[in-house]
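A quick write-up on the structure given underneath.
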Amino acid sequence: MQITLVTQPFAALETDALVSYVFEETDPVQGPYRGNRSGRRRPVAQARKSGELTGKMLEFTLVHTPAGLKAARLLLVGAGKARAME
C-alpha cells in the first residue's frame with residue numbers, strides 16, 4: 001500500500017481510493033466539492049440527507065465509482081465539529 005498526500009483538485013487525481021474529511025456542521029457538497037457541478041455531488045448529498053453521512057468524528061462513508069472523479073472509490077472520514085479543530 002502506498003499513501004500519498006497531494007494538494008490538487010479531486011477530479012485530477014487518478015487513484016484506487018481518495019480520502020477526504022467532512023465536518024459535522026458543514027455541507028460536504030459545499031466543502032471539498034464546492035464549485036464543481038459534476039455528478040459526484042449527488043451520492044454525497046444523498047448520503048448526507050439520509051443520515052448515513054453525518055461528519056461525526058471517525059465516521060466512514062465509502063462511495064464506489066464516484067462520477068466525475070478518476071478515483072475508483074471516495075472515502076469520506078468524519079472530522080467532528082469544525083470548531084474543535086481550531
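Numbers below:
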| item | result |
| --- | --- |
| Stretchable slack from residue 50 to residue 7, in nm (0.36 nm times residue separation minus alpha-carbon distance) | 12.5 nm |
| Residue 64-residue 15 pseudo-label distance in nm [points 7 Å out on the Cα-to-Cβ vector] | 2.1 nm |
| Amide H within-cut-off set for residue 23, under 5 Å, with H built and near neighbours excluded | 79 |
| Highest-first arrangement of 55-65, 7-17, 72-82, where packing means the average Cβ count within 10 Å | 72-82, 55-65, 7-17 |
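Values quoted throughout were computed directly from the atomic coordinates according to the rules given, and no laboratory measurement underlies them. Predicted model only: the values in this text are computed from it and were never measured. Quick reminder, even Gly has a Cβ in these numbers, built from the backbone with ideal geometry, and neighbours come from all protein chains shown.
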